[in-house]
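Below is one structure; the comments refer to it alone.
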Amino acid sequence: PRDYAPQGSPWQNGGGAPYGAGFPGRRTRPDPASRAVVLAAADPANAYGAALAWPEPPTGAGHKPGRKAGSLVVLVDGELTLYMERGGKTLLAWATDPDGDPSEDPRLRTAAEALAAAARAGSLGTVTVERVNGAQALTSPIGTLLEGAGFIATPRGLRLRA
């Protein structure tokens, strides 16, 4: 039937937007070249806690990651980089070089941008990070990365609204 439709009719793509063009208001798919993925910690696609053991928490973190409802993980190139507790108040971050400057770590920067993009897309709602690796988010070197990704400093911590 498509062959018999008049040119420009809605049954052919002659007059409409080209295939693959986005629709206003509809969320777009993530960029396939993106290196970071934000997942629920309990998602079957997250291998940590199921097939792989969780890495040791960063020094001074005070708590461990787990496959808990409401928690999120950010994987960069398949490696656990960020873990956000339910509610977003605490964040665990694993730097490539634990002795180096975390604000210079490209993996952490990519993970912070992916987390901010997920929040802006409406997946997380408003997020306020109060503690990063056991330290205040406002004074943490990783807080600098979060601010660079779009988080705003508030008296309670670093906030990003959807």
key: Between the range 54-71 and the range 104-162, the Cα center-to-center distance that results, in Å   = 17 Å
request  = Would you mind checking the range 100-124 for residues with the amide N under 14 Å from a putative spin-label position 7 Å along Cα→C-beta of Ile152?
outcome  = 120
task = Pairs of Cα atoms under 8 Å, at least six residues apart: use those to get the relative contact order of the range 120-162, whole percent.
result = 50 percent
query = Suppose R0 equals 22 Å; then what is the FRET efficiency for Asp43 and Asp77 from their Cβ-Cβ distance, rounded to the nearest 0.05?
reply = 0.80
request  = Compare the Cα positions of Leu52, Gly66, Gly125 along the charge dipole of the range 36-161 (+1 at Cβ of Lys, Arg; -1 at Cβ of Asp, Glu; about the Cα centre) and return the one farthest towards the positive end.
outcome  = Gly125
request  = Work out the charge dipole of the range 37-162 with +1 on the Cβ of Lys and Arg and -1 on the Cβ of Asp and Glu about the Cα centre, then indicate which of Thr110, Leu158, Ala93 is farthest towards its positive end.
outcome  = Leu158
request  = Between Lys64 and Arg35, take the C-beta separation as r, use R0 = 41 Å, and let me know the FRET efficiency to the nearest 0.05.
outcome  = 0.95
ask   = What are the semi-axes of the equivalent ellipsoid for the range 94-162, taken as the square roots of 5 times the Cα gyration tensor eigenvalues, largest first, in whole Å?
value = 20, 14, 8
inquiry  = Could you compute how fast the range 36-161 diffuses translationally, taking Rh as the Kirkwood radius over C-alpha pairs and applying Stokes-Einstein at 4 °C with viscosity 1.567 mPa s? Give it in µm² per second.
reply    = 92 µm²/s
key: Å² per residue, accessible surface of the range 36-161 at 1.4 Å   = 48 Å²
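The values are calculated or read from the model by the stated rules, or taken from the named source; none is laboratory data. Everything numeric here is computed off the predicted structure, so don't read it as measured data. All Cβ positions, even for glycine, are placed from backbone atoms using ideal geometry, and neighbour counts span all protein chains on display. Areas reflect the complete protein model, heavy atoms only, side chains present, ligands, DNA and RNA absent. Shrake-Rupley method; radii C 1.70, N 1.55, O 1.52, S 1.80 Å.
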